[in-house]
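For reference, the structure is listed below as structure tokens.
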Amino acid sequence: MPYETACDMRRHRGTISSLHMPKQARLTKRTVKDSDYRALAEFRYHIQGYLDFSDQAAKAASLEPKQYQLLLAIKGLPEDVKPTIGVLAERLHIRHNSTVELVNRAEANKLVERTRSGSCVFVRLTKQGQRVLARAVQERLEQLHIAGPSLVNALQQLNSNQTSKRKKK
């Protein structure tokens with residue numbers, strides 16, 4: 001990913017993007033079995049169910065789902081990562097200009113504010129943004145407590161399919 005600003009470049013030093021899988025973690029080519037399709041479909045089904053619940057809960061709290069995701073991305077950043085537009089765009093998997101528009105809307109709703117330090121612009125949660133996020137996260141944690149075992153089981157099934165394939169070699 002190209003660096004948008006010097007702030008983003010400094011942030012990337014010494015980090016590995018979560019989207020890049022280490023070579024040793026890649027699976028060798030093999031025949032995909034019906035059980036792989038079923039396990040992957042089951043995992044995706046449970047993830048989508050949780051994400052749909054999350055979107056509906058955001059709307060019920062008068063938040064657009066992307067605004068909730070923005071607030072969560074800001075609050076959930078690792079301590080050594082600063083909340084710049086570039087960082088947030090990467091975390092949300094959206095373009096820089098889309099992130100600017102999202103921050104503009106959240107700022108208009110008094111959920112976030114921009115602060116400047118030299119040439120860097122940071123996005124921070126307001127008190128109102130923190131309150132809204134805390135309520136929304138509580139609901140999602142409760143739902144994840146319910147949906148979590150199904151997600152874990154589906155992921156374990158995917159993993160066991162891969163493990164059993166490697167043992168057969």
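The values are calculated or read from the model by the stated rules, or taken from the named source; none is laboratory data. If you're wondering where the values come from, they're calculated on a predicted model, not measured in any experiment. Methodologically, a virtual Cβ is constructed for each residue, glycine included, from the backbone with ideal geometry; neighbour enumeration extends over all protein chains shown.
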Name the residue, out of GLN143, GLN156, GLN138, GLN67, that is of a type in the set (S, T, N, Q), modelled with pLDDT of 95 or more and either within 24 Å of GLN56 (Cα to Cα) or out of contact with any strand residue (DSSP E or B) (no Cβ under 8 Å at 6 or more places or on another chain) (or both).
GLN67
Among residues of the stretch 80-126 being within 20 Å of PRO65 (Cβ to Cβ) and charged (D, E, K, R), the residue nearest to the chain's Cα centre (by Cα) is ARG91
Every residue from the stretch 113-135 that is over 20 Å from LYS59 (Cα atoms), of a type in the set (Gly, Ala, Ser) and touching a residue at least 12 places away in the same chain (Cβ under 8 Å):
SER119
Positions within the stretch 123-135 being modelled with pLDDT of 95 or more, assigned to a helix (DSSP H, G or I) and touching a Leu at 6+ places or on another chain (Cβ under 8 Å), in sequence order:
GLN128, GLY129
Return a yes/no flag: does the stretch 64-80 have any residue that is β-branched (Val, Ile, Thr) and free of Cβ contacts under 8 Å to residues at least 40 places away in the same chain.
no
Look at LEU27 and say whether it is at pLDDT below 85, within 14 Å of the chain's Cα centre (by Cα) and either of a type in the set (A, V, I, L, M, F, W, C) or in a loop (DSSP other than H, G, I, E, B) (or both).
no
Within the set of pairs 6 or more residues apart or between chains, which connect a residue that is closer than 13 Å to ARG30 by Cα inside the stretch 141-169 to a residue that is loosely packed, with under 12 Cβ neighbours inside 10 Å and modelled with pLDDT under 80 with Cβ atoms less than 7 Å apart?
GLN162/LEU27
Residues in the stretch 142-165: is at least one under 20 Å from the mean Cα position of the chain (by Cα) and among the polar types (S, T, N, Q)?
yes
If I filter the stretch 73-106 down to residues being farther than 20 Å from SER119 by Cβ and among the charged types (D, E, K, R), which single residue comes out as modelled with the lowest pLDDT?
GLU79
